[in-house]
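The values are calculated or read from the model by the stated rules, or taken from the named source; none is laboratory data. This is a predicted model, so every value here is computed, not measured. When we count neighbours, we look across all protein chains shown, and the Cβ atoms used for this are built from the backbone with ideal geometry, even at glycine.
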Protein chains: 2
Amino acid sequence: MLIQRVEKLRKILQEKSLDGFLVSNFFNILYLTGFKTLTENEREAWMLVTKNHIYLFTDSRYININSKSEARNPKQIQNNNYKTKLITPEKGLIKHLQEIVEEEKIQRLGFEGDDLKVNELQKMKTFLTNVELISLEKLIIKIREIKDEEEISNLRTACKIADQCLEEIVKTIKPGTSEKEIAFRIEFWLKEKGYDLSFYPIIAIDKNSAVPHYDTRAGNDEKVKKNSIILIDYGAKFEDYHSDTTRMIFVGKPTSEMINTYKILLNAQEKTIERLKTDNNPVSVDQFCRQQLTSHYSLATNHSSYSHSTGHGVGLRIHEFPKISFTSTDVLLLNQVVTIEPGVYINNKWGMRIEDTVLIKEKGEIEVLTKFSKKLLIISNY
Amino acid sequence: MLIQRVEKLRKILQEKSLDGFLVSNFFNILYLTGFKTLTENEREAWMLVTKNHIYLFTDSRYININSKSEARNPKQIQNNNYKTKLITPEKGLIKHLQEIVEEEKIQRLGFEGDDLKVNELQKMKTFLTNVELISLEKLIIKIREIKDEEEISNLRTACKIADQCLEEIVKTIKPGTSEKEIAFRIEFWLKEKGYDLSFYPIIAIDKNSAVPHYDTRAGNDEKVKKNSIILIDYGAKFEDYHSDTTRMIFVGKPTSEMINTYKILLNAQEKTIERLKTDNNPVSVDQFCRQQLTSHYSLATNHSSYSHSTGHGVGLRIHEFPKISFTSTDVLLLNQVVTIEPGVYINNKWGMRIEDTVLIKEKGEIEVLTKFSKKLLIISNY
């Protein structure tokens, strides 16, 4: 599976007449090799793909010199041409690159221009004088937008775990429960079982739900009241893959305006998911979703359309390609996993968002991976 | 307090004849302005320091256009010359910079060469054609190595919380408890109280403790047995500031080799902390600590000196300056907060590390911020 991902990259390198490509991004290294280090931002590993070899460079923390296997991560790529190179204070990445460039006669070497730091490039320019260094952007992240079987399986599991989690958490919500308490319960439920959060949950009660990107950690920790509206935007992480769901919970007696808005929003969200079956243009999907809302609801007088995009890809990161927005240049394709998440926000009053994670299958088919019910959910027996 | 940090930066800019400095790093923006965004890696904010102004650039998620205060973070710098600029799809960072460069006649503009991406610089070069762009490294992180009063207060609290946490967690450890369970209990204890982990704890039992940077998440989840040795390397985060502690726990009847090694290691660690009172050279502090171990212990025959550094600064990040290692070029100074963490690792058998977070005060004084007892801790009543 992993070698097929590398081969996709190699095909692009060939088209661009590159002899090699240096991968610096933590998630791209994980995607291509299955190897990951303790931290995302400390440059503990690098990867080089050439015509015939795959090199991973890392330090003694990650290479178990006493075991028979070269590196200790059992999920790493299995390939005869995969070589692990030890980085030491005496022999850093650059010295390794100098050797390989010589051995493999590399003349044109690509790198991730959207990940490599200015000073890192400067150093490479200084020490790799006979190599043409070529900055490329979004190369691997665009390969990552199409998920393979293993990735889809992980995403499906992540969504299932998230569904189960919310089923349990909803039972614990009643007047007096605070935003941070709900967030903590979700986190605790997941971590106790060995899973993780996809991102810190957005739990927004009443007025806070009118803020599309409300930050629960920095907020006023609003409590549930007798007739509250609660927005829960959360996800589970399973084997590094993320899910993303938003659900609305009503307490006591929601107003008819709330119920009416919810119905219209749900209708728009579900019709937009349906639309993925036939429309491969994310700009038109985005527009379609907004039209569904405005045509059924007197939004024009109250407020403008929601200020965020209609959806985004999910995978090893919570925000990936394709983007489903009016500025998107992507194409919707088989085996992409995307969110559909329209919202209605009434300033200083309340807001609503409904979001699912959806797999695009063969033409005419989609699979909604997040299956938590979207029927009007009212908590009244507490 | 915050404006004094900016003034330290301005002094350096003046020395380097720079008219402005663009800050891209999440933690440096937080340090200088008190402002932080939801994620560390998504470039949701930028900062520009000029002779007369401090600019923060961010998008509508972080600027509350409906409230009287310009931005919603109450901890932000209070200064008449602090200006928040709204980033929109139509007017991004570059357009704002073009305006300011014009207005303030900026000719030489510095940027963080160890943070800015290659493609970000490329874009700046394309659109800021009359400006000389100058790459600088480690400018603000070196300012950050000296902590001010507020930072020391936060670090002291973080250490105190960590002490209390371990006191409680130790009570729950008995034969059968696994590494991940201990890690989870630490995380849960902290988060339930609204604090956070400094980093994912390293809990290493028996053979795993011989691996200096053991990864508990990726490991075999070893369980405590009747005569186990347990290494706990953990920390608490309070108001974005980190603590860092390592303690050893013995179960049942530790061998005399274990007890002897622990005593020698503790003696080396405490003498090295004492040494901080008089020695401002981290290279010699590192060497001193290793000598303390070898002179009291027949390490030469068993294994080499520990493979990591003797210590590091802590602050907004878990690893900051100064480094206390044989390659360090730093100087130990008043109001630095550093760890001292020697270890002994016997391959495939067991290992030990003892670590405290220490504040360097006026010459001849130090304050150990992590106060959890270092007396031999044996769990036998379970």
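A few notes on this one:
- Filter result (exposed (fewer than 15 other Cβ atoms within 10 Å of the Cβ) and more than 22 Å from B:I229 (Cα to Cα)) within the range B:328-360: B:T329, B:V331, B:L333, B:L334
- First in the range A:252-265 and on the phi < 0 side of the Ramachandran plot, second anywhere and in a loop (DSSP other than H, G, I, E, B) and buried (at least 19 other Cβ atoms within 10 Å of the Cβ), Cβ under 7 Å, 6 or more apart: A:L265/A:P342; A:L265/A:I354
- Restricting B:I229, B:I273, B:I264 to residues that are in the same structural domain as B:F199 (by TED's automatic domain parsing), closer than 15 Å to B:V344 by Cα and touching an Asp or Glu at 6+ places or on another chain (Cβ under 9 Å) narrows the list to B:I229.
- A:V6 under 28 Å from the mean Cα position of the chain (by Cα), closer than 20 Å to A:S135 by Cβ and either modelled with pLDDT of 95 or more or in a loop (DSSP other than H, G, I, E, B) (or both): no
- A:I12 being touching a residue at least 24 places away in the same chain (Cβ under 8 Å), within 30 Å of the chain's Cα centre (by Cα) and part of a helix (DSSP H, G or I): yes
- Scan of the range A:118-142 for residues that are within 13 Å of A:L18 (Cβ to Cβ) and surrounded by fewer than 17 Cβ atoms within 10 Å (Cβ to Cβ), ordered by number: A:E132, A:L133, A:I134, A:S135
- Residues that are in contact (Cβ under 8 Å) with a residue 24 or more places away in the chain and surrounded by fewer than 22 Cβ atoms within 10 Å (Cβ to Cβ), drawn from the range B:146-165: B:I146, B:D148, B:E149, B:E150, B:E151, B:I152, B:N154, B:R156, B:T157, B:K160, B:I161, B:D163
- Test: residue in the range A:165-182 that is under 25 Å from A:L369 (Cα atoms), more than 10 Å from chain B (Cβ to nearest Cβ) and of a type in the set (G, A, S): no
Conditions (1) within 11 Å of chain B (Cβ to nearest Cβ); (2) in contact with a strand residue (DSSP E or B) (Cβ under 7 Å, 6 or more places away or on another chain); (3) of a type in the set (S, T, N, Q), marked per residue:
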{"site": "A:T84", "(1), (2), (3)": "no, yes, yes"}
{"site": "A:D114", "(1), (2), (3)": "yes, yes, no"}
{"site": "A:R156", "(1), (2), (3)": "no, no, no"}
{"site": "A:C159", "(1), (2), (3)": "no, yes, no"}
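Residue by residue, here is whether (1) within 23 Å of the chain's Cα centre (by Cα); (2) of a type in the set (A, V, I, L, M); (3) under 24 Å from A:L333 (Cα atoms) holds:
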residue: A:D221; (1), (2), (3): no, no, no
residue: A:K226; (1), (2), (3): no, no, no
residue: A:I229; (1), (2), (3): no, yes, no
residue: A:I232; (1), (2), (3): yes, yes, no
residue: A:G235; (1), (2), (3): yes, no, yes
residue: A:H242; (1), (2), (3): yes, no, yes
residue: A:N260; (1), (2), (3): no, no, no
residue: A:K263; (1), (2), (3): no, no, no
residue: A:N267; (1), (2), (3): no, no, yes
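- Of everything in the range A:244-258 that is closer than 26 Å to A:V331 by Cα and not charged (D, E, K, R), the residue that is surrounded by the fewest Cβ atoms within 10 Å (Cβ to Cβ) is A:T246.
- Looking across the range A:116-149, just one residue is in a helix (DSSP H, G or I), away from chain B (no Cβ under 14 Å) and more than 19 Å from A:P322 (Cα to Cα), and that is A:F127.
- No other residue among A:E7, A:E104 is surrounded by fewer than 18 Cβ atoms within 10 Å (Cβ to Cβ) and either without any contact (Cβ under 8 Å) to a residue 60 or more places away in the chain or within 14 Å of another protein chain (Cβ to nearest Cβ) (or both) apart from A:E7.
- Residue list for the range A:302-319, restricted to those being within 14 Å of A:A158 (Cα to Cα) and either modelled with pLDDT under 90 or away from every other protein chain (no Cβ under 12 Å) (or both): A:V314, A:G315, A:L316
- Scanning the range A:320-340 for residues that are polar (S, T, N, Q) and assigned to a loop (DSSP other than H, G, I, E, B) returns A:S325, A:T327, A:S328, A:T329, A:N335, A:Q336.
- Within the range A:320-343, the set of residues being within 28 Å of A:N260 (Cβ to Cβ) and modelled with pLDDT of 95 or more comprises A:I324, A:S325, A:V338, A:T339, A:I340, A:E341, A:P342, A:G343.
- Scan of the range A:18-35 for residues that are outside any loop (DSSP other than H, G, I, E, B) and touching a residue at least 24 places away in the same chain (Cβ under 8 Å), ordered by number: A:G20, A:F21, A:L22, A:V23, A:F27, A:N28, A:I29, A:L30, A:Y31, A:L32, A:T33
- Subset tally (residues that are over 18 Å from B:E320 (Cα atoms), in a loop (DSSP other than H, G, I, E, B) and touching a residue at least 24 places away in the same chain (Cβ under 8 Å)) for the range B:362-382: 11
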